[in-house]
Every structure is written in C-alpha cells, then in structure tokens.
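Each reported figure results from applying straightforward, stated rules to the coordinates on display, with no laboratory input. Not measured: the values here are computed from a predicted model. As a convention, Cβ positions derive from the backbone with ideal geometry for all residues, glycine included, and neighbour counts pool all protein chains shown.
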Ligand code: SF4
C-alpha cells in the first residue's frame, strides 16, 4: 500500500501532482501536503503525497555513512601498515 | 536508471560497514556482561513494509545471531479484527452497494465468507488503489435525472448506487480517508460512506509494553506512520516505558542504521527516541494531515486481532461526519465473532511466536488457502516467511 520509493513531481494541476518513479507516472493528490514544487521528491501513499524528501538530510545521511566507511578503511589500512591516505573516489557520484 | 534516494541507500560497501559496526557493538555488549550469555536482543519492527524489506534484502541473515528481529502489529490487514472483516462482507451484500477496498483485504477469511467469494457470487466489489478512486466511483453513480430532449434519452434516470469504502490502515492511511470525506462533503457526494477500522500506532506500542512476555528491547518505528505523527507522536509512550526507539526508512541502509542506533543505545544504557529517517520525518510530522485526520475522526477504543481491546487505539468518525458512517447508513451493527481456531496471528503480531511455530503454517494455511490474515497480506509475517523461506 505504501510506496517507499520517492517520486518526482513533474506536473501540478489543481492540487493534483503527476509524479514519476523510474518512468512510471501516476497522479498524487496534494490535499495533505503544502508547498510542493515541480522537481520536488515526495513520498506517495495510496494516491496522496504525504511528505517531501528533505534533500539536505538525504545527502547528510549518506555522507555520515561514508565518513564511517573512511574511518573503517583507515583503521584497517593502518593495521596493515599500508599508506593510510584514503581518498573518497567521488563522494557525489550518486547524485 | 538509478532511482534517486533509493540506490544510495542500497550501497553494499556502506552496508558492510554498518553490519561490522553492529557486530562489534554486540560483541562489546556480550563481553561487558550487559547482555547475559544466552539472551538475545529482541528488536521489533512495527511496520509491514519493514517486514517485507527485511526479508527482501536478507537482513536477518547478515546480523549477529543474538539479534532477533520480530514483526509487530504493523500490517493493517493483519490487525483488523474478525468482526470488522465480517462487517465489510456484510456491507458488500447490501442492496445497491458498490464496495471498494484495497486489494489486500479481498482474500481475508471472515467467519463465513471473504470479499473474494462474495465477488465471485456476483457482488459489486472493486479494488481501488486510492480512496480517491472510491469517491470518483460514487460521483459517477450518484444517479442523475436527465431532462434532455433528445429522443432516446428523455427523462432517463440512472439509479443511484451507494459506494462504501473499507477503512483499514494506520496514521498514514487515515488522513487520506479523512481528505476523501471532506472532498465528498464539499462536492455533495452523499452516496459515499466508509466503515472505519483505522488504528493508531502509539497505543499498540503501549499495549505491547504492558505485556511482559513480549520482552521487547527496542522498537524500529514505522517510517511512514512517523511521516504523519512526527517524532513527537511517540513521546508519551516513550516517556512512560523508556524503551529504545528509532524511526527507520525502508531501504537496507536505513534499517541497518536503525539497528545500529538501537544497539548503541543498549551500550550507553540510555534509552532514547531517535529519528533515523530524517529525510522524510520531521519532529512535528505532517501537521496538515494530522489536522485533516482530527477534523473528521476522533480516537475511540478498538479491537486488534489477537491482541484484543486497546483503549483509544482506533479512529471513528466524529458526529459531524456520521452521515458517512456505512454501518449507520445501512443500519448494521458490529457483532463480536471469534477468530479462526488455531490461527496464531495474534501471538505473531505480538512477537510471542514465529509463523513456523503455528501448527497450520504451510499445511492447512498457505497463501493460496489462507486461514488467517497474516498469510493473506503481502505485508503479513506468515506470507513473508512463506514467500522468502520457501517453507
Ligand atoms: S500460518 Fe496461517 S493460521 Fe498460522 S498464524 Fe499464520 S495466518 Fe494464522
């Protein structure tokens, strides 16, 4: 019932948005959510947009995990006496 | 195409780090003696979508065996009492009714029948994706008198049909049903009504904590219920029971992160109510949705399958919207009916049993011939076990 995947708002008409998930489009009512703009990512539940994805928070969560990864890598490498300079190949690769 | 805000949360390298970190912390807990040698850490997810995600991504298999993940009362269809299922079936039998429902309810066995059987017997029962669709079906079946002068259609009357919607679901769904009632009210659509078996999550958490046998060490709180309630929605329950609680999203990294946060709380010995799904859940929740829900509905006592009566855990229509109450409209009453004998759904929903501990699992009860709702809904524990464990 609950679509856990965020949908992108590509059209808004009279309180109804057209949202897109990987090329599949459907309508989502905006009756339960204010301030939705084109290009926003929203969570849609049973035909209603119920939440906007906070993009800063989304990036921060992933960044925090990458920092953990760096820390873990650093530890392993130090233990192995390998050059501990670890560079993140491209932190924004997925965005 | 990589899905935005999805593929990042399935990164296997990051998952490995989280898993390692969970393992380290669990070992630390055991060696410090804070968890006794044989005791397992019992964490309960209270959302059917989490249950599915945990199975789909094989999360149980990568965790230390001392962490036990329990599926709680988070599948809307599974917690619906037998008497409400019977009421939906009864409503479908009324004259001139189109019954509309989410698909999951179709196969749930009532005491004597199911919606699927009734449909096969010719009742007009339609599966809808959104309650929105149900309102549109009502609008299209209001019955209009046409006075147009064209020869063949003069004074034709389309007979009105009553459209009834089966209201099941938690805080995520109830506002959508409330919005549809407001919409029907504004548009003068008076042939639309609902039977509300809606439930509230925090009172169920309290009921679980009041049952000592459940021995819950932490809650993985439902992401999309929390979108509506906000972190604050759980404050009262948390303040009372002080059980570690983390709101989680639905991707593998979200769930692993929530588990890591719960284990970290165990180590610190300081239970907390934390938000691990910041990209979608705020402190206050979706204020507009809550306001619309509370405009139309009010809390009322409710019966949960297998758990029983929980005070103020359901949502009923307020007096000003009683004209949308299907039972009233058709003069029907809820009758207490017993649950299927031998079905352990109730104990499973409370984390007291696993599906395999039910005598009927995989024998008398399968997805093709379900005995209880936990085997029907794709979000139900028994159905998830059956599908992913291959028995
Ligand atoms: S296996 Fe079937 S009978 Fe047993 S608890 Fe699950 S739904 Fe009920």
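With r as the distance between the Cβ atoms of residue B:13 and residue B:60 and R0 = 25 Å, compute the FRET efficiency 1/(1 + (r/R0)^6) and round to 0.05.
Numbers: r = 21 Å, r/R0 = 0.83.
Once the sixth-power term is evaluated, E becomes 0.75.
How much mean residue ellipticity at 222 nm does chain B get from its helices, if each DSSP H run of length 4 or more adds -39500 (n - 2.57) and you divide by all residues, to the nearest 500 deg cm²/dmol?
Per the formula, -10500 deg cm²/dmol.
What distance in nm separates the two pseudo spin-label positions at residue B:335 and residue B:213, each 7 Å out from Cα along the beta-carbon direction?
Simple spin-label model gives 3.0 nm for this pair.
As an exercise, find the ratio Rg/Rh for the range B:168-248 from alpha-carbon atoms, using the Kirkwood inverse-distance average for Rh.
With Rg and the Kirkwood Rh in hand, the quotient comes to 1.11.
What does DSSP give for the protein assembly as shown in terms of the percent of beta bridges that are antiparallel, rounded to the nearest 5?
50
State, as an integer percentage, the relative contact order of chain B based on alpha-carbon contacts under 8 Å between residues 6 or more apart. Present the calculation step by step, with values, prior to reporting the outcome.
Working: 724 pairs, mean separation 82.9, N = 391.
Contact order relative to length: 21 percent.
Sorted from fewest to most neighbouring beta carbons within 10 Å, what does the list A:15, B:313, B:378 look like?
Placing the least packed residue first, the sequence is A:15, B:378, B:313.
Taking the Cβ-Cβ separation of residue A:11 and residue B:139 as r and a Förster radius of 22 Å, what is the calculated FRET efficiency to the nearest 0.05?
It comes out at approximately 0.45.
What do you get for the angle between helix B:131-140 and the principal long axis of chain B? Use alpha-carbon atoms, 0 to 90 degrees, nearest ten.
It is inclined by approximately 0 degrees.
Give the order of B:174, B:337 when sorted by the count of other beta carbons within 10 angstrom, beginning with the fewest. Please report the intermediate quantities before stating the final value.
Working: B:174 27, B:337 15.
Listed from fewest to most nearby Cβ atoms, that is B:337, B:174.
Please order B:49, B:80, B:66 by the number of other Cβ within 10 Å, starting at the fewest.
Least crowded to most crowded, the residues run B:66, B:49, B:80.
Report the relative contact order of the range B:1-95, percent, no decimals, based on alpha-carbon pairs under 8 angstrom and at least 6 residues apart. Please list the in-between numbers first.
Numbers: 54 pairs, mean separation 24.8, N = 95.
It rounds to 26 percent for the range B:1-95.
Could you give the angle, 0 to 90 degrees to the nearest 10, between helix B:252-268's Cα long axis and the longest principal axis of the Cα atoms of chain B?
50
Based on the Cβ-Cβ distance from residue B:283 to residue A:63, what FRET efficiency comes out when R0 is 22 Å, to the nearest 0.05?
Efficiency, from the Cβ-Cβ distance: 0.55.
Calculate how steeply helix B:12-31 sits against the longest principal axis of the alpha-carbon atoms of chain B, using the helix alpha-carbon long axis, and give the answer as 0 to 90 degrees to the nearest 10.
The helix B:12-31 is inclined about 60 degrees to chain B.
Measuring from a point 7 Å past the Cα of residue B:322 along Cα-to-C-beta, which residues in the range B:176-218 have an amide N at less than 14 Å?
none
Any chance you could run the full-extension gain for residue B:356 through residue B:272? It's 0.36 nm times the residue separation minus the Cα-Cα distance, nm to one decimal.
Net length gain for the segment: 27.0 nm.
Note down the relative contact order for the range B:88-245 as a percent, whole number, built from C-alpha pairs under 8 angstrom at least six residues apart. Before the final figure, lay out each step's value.
On the way: 215 pairs, mean separation 30.7, N = 158.
Taking the mean separation of contacting Cα pairs over the length of the range B:88-245, I get 19 percent.
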